[in-house]
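To start, the structure under review is shown below, and the notes come after it.
The values are calculated or read from the model by the stated rules, or taken from the named source; none is laboratory data. This is a predicted model, so every value here is computed, not measured. Note: ideal-geometry Cβ built from the backbone for every residue, glycine included; neighbour counts use all protein chains shown. Just so you know, the surface numbers come from the protein's heavy atoms only, side chains and all, with ligands and any DNA or RNA stripped out. Shrake-Rupley method; radii C 1.70, N 1.55, O 1.52, S 1.80 Å.
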Amino acid sequence: KLAMEFPSENIFLITASPVIKAITNYKQVSKTLEEFDVEEQPSSLLEQRYPNIKVIQSAVKQLKSNEHKIFTEDGKEYMYEKLCLCAGAKPKLIYEGNPYVLGIRDTDSAQAFQKNLAQSERIVVVGNGGIALELVYEIQGCEVIWAIKDKAIGNTFFDAGAAEFLIPKLTAEKRETPIECKRTKYTMEGSEEKERSVAASDKLGSALGPDWHEGLCLKGAKEFSHKVHIEILCEVKKIYLQQEFIQLQRTSLTFPKEEKNVEPDEVLWPVYVELTNGKIYGCDFIVSATGVVPNVKPFLDGNNFALGEDGGLKVDKHMHTSLPDIYAAGDICTASWEPSPVWHQMRLWTQARQMGWYAAKCMAADTLGESIDMDFSFELFAHVTKFFNYKVVVLGKYNAQGLGLDHELMLRCTKGQEYVKVVMQNGHMMGAVLIGETDLEETFENLILNQMDLSAYGEDLLNPNIDIEDYFD
C-alpha cells in the first residue's frame, strides 16, 4: 500500500523470516466479511513488483526512537521518517524451555509438530482457541487428551451450545477427505538441514494462515482415526520428565474409555502432565496452544511506549503509538480508541490485514498533511473461518462480550447441519454465530450495523419457514 502511494520513496521491510506472507484469493464476502488465503512467498517477488521496496532479512536488535533509527542483528542501522511496527505476537507457552512442550505459531513449528506426531501414540493439547480446535479435529492415529480451562470447547469463538453442536464431529470415525491445500512453502536453501531444536520457540516465524493444517499430514503412529478425551475446567499444574515421575511413585491414567473405570497406566511415557483436577496423564509430547502475547520485547529497551493491559503497544484511532512517527498494526498493538459498540480487537489474520492496510493509509495521510476517517472495517467485528469442516461466521458481540446480563439469546439448531445464535439487547441485534451454510451472514450484518428495532418480530426472527432475507433486503 505504501509503495503504491509513494513510488519515489524508499520503503524498507525488515523481517527475520526468509519468506513473506502474502494475501491471495482475496474475496470480499459482504460489507465487513472477507475471505482469503495466506501464502508464503519469497521476498524477491515483492521487490520485483514494487521496485521501491527493499526487503532486509535480519531481526531487529534495537530501536532508538529519539534518533529515528533501527539497528538490526546483522550490525546495520537504518534511518526512518515513519516507522510501522508489525512484529505480531509469539505463543504463550505454558512452560518455557521444556523440550517436550511445543507451541504452534508459524510454519516451522507446525512442521516440527508434524514430525513429532508421526512417532507419537498420545499427546496432550492445552488450550481452547482456534489452533487447538483445528489441531484436535485434524489429528488421526494418535490419542489426544485435550485440557481446557473452560466448561466447553472453543470458548473464544463459541458458547456451550455451539460446542455441543460440534462435539459429534470429534468422535465421528468417518472423516471427510480434506481439499488439497493451495499453500506453498518456501524456505532458504540449506535451512532444512540445520536441524531446529524442538523448543526453539524464541526463533520467531510469521503467524500461520487460516488453513495452516491443510497439506500437513497430521497422523500419529496408530491405525485408528480419532480418539479425543476432553478434560474440562482444568489447567496444567506441573510437567514431569520420565525420571522425575518414576521417583514420585504416583500413578498416571490410561486413555479413558466410556464403559470402564479409569485404570492406572502401565506404559512408561517420555513426559507426564499433572492437571489441576488431580489427574496425571503420560504422553509423547504436549502442545501448548494457549494463545499469544504481543511481540514487543525487541522495541521496548530505551523507548517509553505506552502499553495496553494485554502488553501490546497502545495505538490511537490513526494507528499511532505513543511515540512520534511510530505506528503499529496487527497482533503487536492494542487498539486504544473508543471502539464501536459492536467491534472488539482479537488477534486474528483478518484484523491484522485490515490494520496493516489502514495503518498505511494513516501514514500516507499524515505525510501528506491530510485528514482521514476511521476505516469501515472497525465498525463491526466480523470473522469467517472453518472449524470441523463447517463454515463458521462470527459477527459483532457474538458471545455477548461486555453486555453483562442485559441481553437475551435466540437459537436455531439443526443437528449436523446448522447452528444459528443471535445476541439481542433491547430489541436490537448485537451479535451472531452462524455455523454451517446458513446464508444469513449478510442479512445479520446489516441488522447489526443499522441497529433496527426488531422487537416486533420476536421469535420469528429465526423461524426457518420465514425467509428473513426478504424482510430486510
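Below is a table of values for the structure above.
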{"quantity": "Filter pass, K237 being assigned to a strand (DSSP E or B) and either in contact (Cβ under 8 Å) with a residue 24 or more places away in the chain or over 21 Å from N155 (Cβ atoms) (or both)", "calculated": "yes"}
{"quantity": "Candidates L411, L405 - the one that is open to solvent by 30 Å² or more (accessible area, probe 1.4 Å) and free of Cβ contacts under 8 Å to residues at least 12 places away in the same chain", "calculated": "L405"}
{"quantity": "Residue within the stretch 252-272 that is assigned to a strand (DSSP E or B), open to solvent by 40 Å² or more (accessible area, probe 1.4 Å) and either under 30 Å from S58 (Cα atoms) or touching a helix residue (DSSP H, G or I) at 6+ places or on another chain (Cβ under 9 Å) (or both) present", "calculated": "no"}
{"quantity": "G396, sole failed condition from (1) open to solvent by 40 Å² or more (accessible area, probe 1.4 Å); (2) touching a Phe, Trp or Tyr at 6+ places or on another chain (Cβ under 8 Å); (3) closer than 20 Å to P339 by Cβ", "calculated": "(1)"}
{"quantity": "Residue within the stretch 154-166 that is open to solvent by 10 Å² or more (accessible area, probe 1.4 Å), small (G, A, S) and either at pLDDT 90 or above or not in a loop (DSSP other than H, G, I, E, B) (or both) present", "calculated": "yes"}
{"quantity": "Near pairs, Cβ below 9 angstrom, 6+ apart or cross-chain, from the stretch 445-461 (over 18 Å from V433 (Cα atoms)) to any residue that is open to solvent by 70 Å² or more (accessible area, probe 1.4 Å)", "calculated": "D453/N426; S455/N426; Y457/Y471"}
{"quantity": "Only one of E34, E5, E47 that is under 25 Å from the mean Cα position of the chain (by Cα), acidic (D, E) and more than 26 Å from D301 (Cβ to Cβ)", "calculated": "E34"}
{"quantity": "Any hit, the stretch 77-88, residues being closer than 30 Å to L395 by Cβ, modelled with pLDDT under 85 and open to solvent by 30 Å² or more (accessible area, probe 1.4 Å)", "calculated": "no"}
{"quantity": "Any hit, the stretch 439-448, residues being open to solvent by 20 Å² or more (accessible area, probe 1.4 Å) and touching a helix residue (DSSP H, G or I) at 6+ places or on another chain (Cβ under 9 Å)", "calculated": "yes"}
{"quantity": "Answer from L313, L323, L268 - the residue that is over 26 Å from the mean Cα position of the chain (by Cα) and modelled with pLDDT of 95 or more", "calculated": "L323"}
{"quantity": "Residues located in the stretch 376-386, provided they are part of a strand (DSSP E or B) and within 11 Å of L33 (Cα to Cα)", "calculated": "A382, H383, V384, T385"}
{"quantity": "Conditions (1) closer than 27 Å to G308 by Cα; (2) crowded, with 19+ Cβ neighbours inside 10 Å; (3) small (G, A, S); number of the one not met by S43", "calculated": "(1)"}
{"quantity": "Every residue from the stretch 1-21 that is buried (at least 17 other Cβ atoms within 10 Å of the Cβ) and either under 30 Å from E445 (Cα atoms) or in contact with a Gly (Cβ under 7 Å, 6 or more places away or on another chain) (or both)", "calculated": "S17, K21"}
{"quantity": "Test: residue in the stretch 271-287 that is closer than 28 Å to R353 by Cβ and at pLDDT 90 or above", "calculated": "yes"}
{"quantity": "Sole exception among (1) part of a helix (DSSP H, G or I); (2) farther than 22 Å from I70 by Cα; (3) out of contact with any Asp or Glu (no Cβ under 7 Å at 6 or more places or on another chain) for A352, by number", "calculated": "(3)"}
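Per-residue answers, yes or no, for (1) open to solvent by 60 Å² or more (accessible area, probe 1.4 Å); (2) acidic (D, E); (3) assigned to a loop (DSSP other than H, G, I, E, B):
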| site | (1), (2), (3) |
| --- | --- |
| M346 | no, no, yes |
| A365 | no, no, no |
| S371 | yes, no, yes |
| M374 | yes, no, yes |
